Amino acid sequence: MSILIEGKSGTRHLLMGNEAIARGALEAGVHVAAGYPGTPSSEIIESLAKVCGPRNLYVEWSVNEKVAMEVAAAASFAGLRSLCVMKQNGVNVASDFLLHLAGSGTRAGMVIVPCDDPGALSSANEGESRHFARLVEIPLLEPGDFQQAKDMIKWAFALSEQIRNPVMVRSVTRLSHASGNVVFGDLPAVDAEAYFKHDGPALDPLQGVMLSYPVALKHRGQQEKLQQAVSLFEQSPFNTYEGPENPELLVITSSACCLYSTEAIHLLGLEERVGLLKLTTTWPLPPQLMENYLARTDKILVVEEVIRFLENEVKVLAAELAPRIGIKTFFGKKDGLLPTVGELNPDLVAGALARIFKMDYEPVAATYAAQAAEMAAKAPGRDLTFCPGCPHRASFWTIHNVLEMDNRQGFVCGDIGCYSLAMLPSGFSTLKTLHAMGSGAGLASGFGKLKAFGMDQPAVAVSGDSTFFHAVLPALVNAVHQQSDITLIVLDNSGTAMTGFQPHPGRPVDAAGNPAPQIDIASVCEAIGARVRTCDPFDLERTERTLLEMLADTPGVKVLVLKQICALSPEKKAKKMFEMRLDESICLGENCGCNRLCTRIFKCPGLNWDAAAGVARIDEVICAGCGVCASICPAGAISKKEVA
Amino acid sequence: MQQTTLLSDPYNVIITGVGGQGNVMASRVLGNMLSEQGFEVTIGETFGASQRGGSVMSHLRISRQTAWSPQIPKAKAHVVVALEPIEALRVLMVFGNPRTRVLCNTRPIQPVAVICGDAAYPDGTEIRRAIGELTSDARFVDATDAAVRLGNPILGNIMMIGALAAMGGLPIGRADFKVVISRTMDADKVTANLAAYDMGVDMIGAKEQ
């Protein structure tokens, strides 16, 4: 059982930000939650899935973020509070529906939680969801600590119901994947009934039809809802101010930057000179509240992640208020005091404060810093690599070799998942493009039509199994219909591995762990009209032969499904397939002529190069027993024995 | 007597290592041991790429007052627990100061650059000397080797928690560990984890109360 429902009201728990958000939704009486896995957001849906039975919840991992938002909206229309969760770029996927939803309005409270990733700690971008709130004109909330992450979700549901429109609550990695103490509130009763009333007066928000049409009327209504939200923001208990009545500098901040700013002020001992306005209702800004604080000083520093959003909004408001509050001097990102790329931290904020106050900020003596840097320089860097026993290493080994053998300068269009790492040397630098979910197949579909312009390089795309359903399908349908010439390789490792093995439509279970119809990728591809082959990527020889044949085959859409379960999958229970042995008397080391194929090129972390002895070795602690390196060694020094 | 107060508020601990070493679990267990006693604990961690051979770091802030930044400011680490030796050096470069204490597991995990021969892994004695020079108190333990003998290398992280408790400086003890581990694990695993914790305590050689 989960602490999220066992914890009594008033008790205090150490929760990850994502768990705090989930508890907030439970305290708000959420009944439907949907999302698509993506770091740093995944634990919200996972936490809710664990308690769906006792809390009378329907939780699903949807096929993609747009469908997740539609599923959540349906619940709202039928009178149930609903939550929709995704990582930052998931909002891009869902935004078309979101634009129209903001026009049609909602009924029961609907809260959208995007988790942004400033610094791209686990992303291929550091895009922001905040701009979507302004773009589609819905209220934006940004909790500034762990307690608020829980409490503001509950508040957001009430707000959504008051204005009958979705509310966005933006989190970031340093809240979602950080942990702090949270005091629990009450959990409501679990009973609920769904009914979609649609036959009342057409324009009645609770009884009519749910449309964004007539547009002018609905759009005006939507903007009135925003004004209603602003007046509630003016009174919000979550916007707080610390500092002197008339500070020398006002720091305006939001989200995780509240914690960085507090710490930076403390580091420099500026508590008596700097005022800190921690804003949680960040769009639209409440003008009366802002006027109250802007009027107290002439200098303002805005601290936010990643690009300017709050800074611009505050400046616009300050310009409008100028006749009453006077002309202000602004510090932040526009003047370069804070970076517009990457995440912030207490030191960056302290550095900005030190420059404004003309103070010295040296965290440690220069001599120590120099000595530590000199010693750390001896520590070799730790490039990301595929895990020991990862099927992707074997797959890309073959893909890379086959493209070399094919010798037409073929290339691979990458996609989003663990296998994105094949852009690095650990995946033999095989990927030549990497963009959004599904973009590998989409780009290949385009490349595959360029023969008419003299391009004869084979276009190959890769896709994971979850990504296949998320966004590859439309691109594949396009390629077949347009008679494009592509080879799609589906790296099927039986789960959404990168984010923690969440199920997808190709798996026989749903989010709650109940049996679910499994959609077979090979059959879907065949039904579309592609020629499909399936191999085990650990069988290097057969995979190589098959892929070579497919590339040489007549033009059209070909799909190779490489099926092998992820080395970390809970289903494997860390069980080795093979006991690996390296016979040091057979390994010829540098004299072999293989140029240390196993450790220099294949470089699975389970293999080590013992330079002193001049032989390769197997690291028993790290080796996952996949058996692939036995097929790599030309001298036959590595052998495998099946584990009973 | 188990210490009940903090030597500094906030007290800052970094647990560092390589993906797959149980870094995140160690920080959760330690955080819960302190939260249980009423401390305000904030943990910041980066684990998106944690299973893919990258460096992993958890920042723990322990306070009687409030939540602090999930990122410790530069040079403000009081204790660094390194599950892997060269990770200690990397962390000290940014977060260390001459008063920082270090608890370091001696088992290296070779980065890909070392496996393929592009870089050399520093010699063990050189690492010890470097860490010793940069800190006020450095302890080295063979946690992974001991955990392998215990039957599971992953228990190295729990051994490090036992060793950390025995080093002193944090208000934690065996009873706190038992409460937290019993709440989250099955009974059979609790026994193995307690054994690992005790071995960690013994490695430091201090008698814990």
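What tally of residues in the range A:142-154 results from selecting those that are more than 14 Å from chain B (Cβ to nearest Cβ), of a type in the set (A, V, I, L, M) and within 19 Å of the chain's Cα centre (by Cα)?
Within the range A:142-154, the subset more than 14 Å from chain B (Cβ to nearest Cβ) is A:142, A:152-154.
So of that shortlist, the ones also of a type in the set (A, V, I, L, M) come out as A:152-153.
Retained after the next criterion (residues that are within 19 Å of the chain's Cα centre (by Cα)): none.
Going through the range A:142-154 one residue at a time, the tally reaches 0.
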| request: Identify the residue in the range B:95-126 that is out of contact with any helix residue (DSSP H, G or I) (no Cβ under 8 Å at 6 or more places or on another chain) and more than 7 Å from chain A (Cβ to nearest Cβ) and, among all such residues, is surrounded by the fewest Cβ atoms within 10 Å (Cβ to Cβ). | output: B:T125
| task | Specify which of the listed residues (B:I86, B:I72, B:I62) is facing chain A (nearest Cβ under 9 Å), touching a strand residue (DSSP E or B) at 6+ places or on another chain (Cβ under 6 Å), at negative phi and buried (at least 22 other Cβ atoms within 10 Å of the Cβ). | result | B:I72
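Does A:P214 qualify as being within 14 Å of chain B (Cβ to nearest Cβ) and at negative phi? Full working, then the answer.
Details: within 14 Å of chain B (Cβ to nearest Cβ): no; at negative phi: yes.
It is false that A:P214 is within 14 Å of chain B (Cβ to nearest Cβ) and at negative phi.
Can you tell me which residues in the range A:523-537 are open to solvent by less than 40 Å² (accessible area, probe 1.4 Å) and either within 18 Å of A:P391 (Cβ to Cβ) or β-branched (V, I, T) (or both)?
Step one: of the range A:523-537, the residues open to solvent by less than 40 Å² (accessible area, probe 1.4 Å) are A:524-525, A:530, A:532, A:535, A:537.
Listed by number, the residues that qualify are A:V524, A:V532, A:C535, A:P537.
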| Taking the range A:11-35 only, how many residues are farther than 16 Å from A:S82 by Cα and assigned to a strand (DSSP E or B)? | 5
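Condition first: more than 8 Å from chain A (Cβ to nearest Cβ) and over 17 Å from the mean Cα position of the chain (by Cα). Can you find one or more residues in the range B:30-37 that meet it? Steps first, please.
Going through the range B:30-37, the residues more than 8 Å from chain A (Cβ to nearest Cβ) turn out to be B:30, B:33-34, B:36-37.
Right, trim to over 17 Å from the mean Cα position of the chain (by Cα) and you get B:36-37.
Yes, the range B:30-37 contains a residue that is more than 8 Å from chain A (Cβ to nearest Cβ) and over 17 Å from the mean Cα position of the chain (by Cα).
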| Do we find a residue being among the charged types (D, E, K, R) and under 9 Å from B:M33 (Cβ atoms) anywhere in the range B:157-177? | yes
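Within the range A:388-403, does at least one residue satisfy the condition of being touching a His at 6+ places or on another chain (Cβ under 9 Å), over 21 Å from A:T546 (Cα atoms) and either in contact (Cβ under 8 Å) with a residue 24 or more places away in the chain or surrounded by fewer than 24 Cβ atoms within 10 Å (Cβ to Cβ) (or both)? Give the steps one after another, and end with the answer.
Looking only at the range A:388-403, we keep the residues that are touching a His at 6+ places or on another chain (Cβ under 9 Å), and these are none.
No, the range A:388-403 has no match at all.
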| message | Cβ contacts < 9 Å: first residue within 14 Å of chain B (Cβ to nearest Cβ) and outside any loop (DSSP other than H, G, I, E, B), restricted to the range A:175-204; second residue basic (K, R) and surrounded by fewer than 18 Cβ atoms within 10 Å (Cβ to Cβ), any location; separation 6+ or different chain. Result? | response | A:N181/A:R12; A:V182/A:R12; A:V183/A:R12
| request: Give the residues of the range A:318-353 that are touching a Lys or Arg at 6+ places or on another chain (Cβ under 9 Å), of a type in the set (D, E) and not in a loop (DSSP other than H, G, I, E, B), sorted by residue number. | output: A:D347
| Of all residues in the range A:354-391 being at pLDDT 95 or above, out of contact with any helix residue (DSSP H, G or I) (no Cβ under 8 Å at 6 or more places or on another chain) and outside any helix (DSSP H, G or I), which is nearest to the other protein chains (Cβ to nearest Cβ)? | A:F357
| With (1) crowded, with 16+ Cβ neighbours inside 10 Å; (2) free of Cβ contacts under 8 Å to residues at least 60 places away in the same chain as the list, and A:G593 as the residue in question, which single condition is left unmet? | (1)
| remark: The helices (runs of 4 or more DSSP H) lying wholly within the range B:92-194 that contain at least 2 residues that are of a type in the set (A, V, I, L, M) and over 30 Å from A:A616 (Cβ atoms) are B:156-167, B:174-184
| note | Sole miss for A:V628 among (1) more than 14 Å from chain B (Cβ to nearest Cβ); (2) within 21 Å of A:D383 (Cβ to Cβ); (3) open to solvent by 20 Å² or more (accessible area, probe 1.4 Å) is condition (3)
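Looking for whichever is small (G, A, S), away from chain B (no Cβ under 14 Å) and out of contact with any Pro (no Cβ under 7 Å at 6 or more places or on another chain) here; the options are A:S129, A:S95, A:S123, A:S160. Which one fits? Spell out how you get there, then give the answer.
Details: A:S129 fails: out of contact with any Pro (no Cβ under 7 Å at 6 or more places or on another chain); A:S123 fails: away from chain B (no Cβ under 14 Å); A:S160 fails: out of contact with any Pro (no Cβ under 7 Å at 6 or more places or on another chain).
Selected residue: A:S95, the only one of A:S129, A:S95, A:S123, A:S160 that is small (G, A, S), away from chain B (no Cβ under 14 Å) and out of contact with any Pro (no Cβ under 7 Å at 6 or more places or on another chain).
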| query | Going by the conditions given, is A:G38 more than 14 Å from chain B (Cβ to nearest Cβ) and outside any helix (DSSP H, G or I)? | reply | no
| With (1) under 34 Å from the mean Cα position of the chain (by Cα); (2) of a type outside the set (S, T, Y); (3) over 18 Å from A:V349 (Cβ atoms); (4) open to solvent by less than 10 Å² (accessible area, probe 1.4 Å) as the list, and A:L294 as the residue in question, which single condition is left unmet? | (1)
| said: Residue under question is B:E40, and the condition is that it be of a type in the set (D, E, K, R), more than 7 Å from chain A (Cβ to nearest Cβ) and either in contact (Cβ under 8 Å) with a residue 60 or more places away in the chain or under 25 Å from B:I181 (Cα atoms) (or both); does it hold? | reply: no
| Is it fair to say A:E362 is on the phi < 0 side of the Ramachandran plot, loosely packed, with under 15 Cβ neighbours inside 10 Å and more than 33 Å from the chain's Cα centre (by Cα)? | yes
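Residues checked against (1) surrounded by fewer than 24 Cβ atoms within 10 Å (Cβ to Cβ); (2) out of contact with any Leu (no Cβ under 6 Å at 6 or more places or on another chain):
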| site | (1), (2) |
| --- | --- |
| A:S95 | yes, yes |
| A:L99 | yes, yes |
| A:S104 | yes, no |
| A:V111 | no, no |
| A:G127 | yes, yes |
| A:V136 | yes, no |
| A:P143 | no, yes |
| A:K150 | no, yes |
| A:I153 | no, yes |
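Residue-by-condition table, conditions (1) of a type in the set (A, V, I, L, M); (2) closer than 17 Å to B:R101 by Cβ; (3) away from every other protein chain (no Cβ under 13 Å); (4) crowded, with 23+ Cβ neighbours inside 10 Å:
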| site | (1), (2), (3), (4) |
| --- | --- |
| B:A146 | yes, no, no, no |
| B:R149 | no, no, no, no |
| B:L164 | yes, yes, yes, yes |
| B:R174 | no, no, yes, no |
| B:R183 | no, no, no, no |
| If you scan the range B:85-106, which residues turn out to be more than 21 Å from B:M159 (Cα to Cα), of a type in the set (A, V, I, L, M, F, W, C) and in contact (Cβ under 8 Å) with a residue 60 or more places away in the chain? | B:F95
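The values are calculated or read from the model by the stated rules, or taken from the named source; none is laboratory data. Being a predicted model, the structure only gives us computed values, none of them experimental. Because the Cβ atoms are built from the backbone with ideal geometry, glycine has one as well, and the counts that use them run over all protein chains shown. Heavy atoms of the whole protein, side chains included, go into the accessibility calculation; ligands, DNA and RNA do not. Shrake-Rupley method; radii C 1.70, N 1.55, O 1.52, S 1.80 Å.
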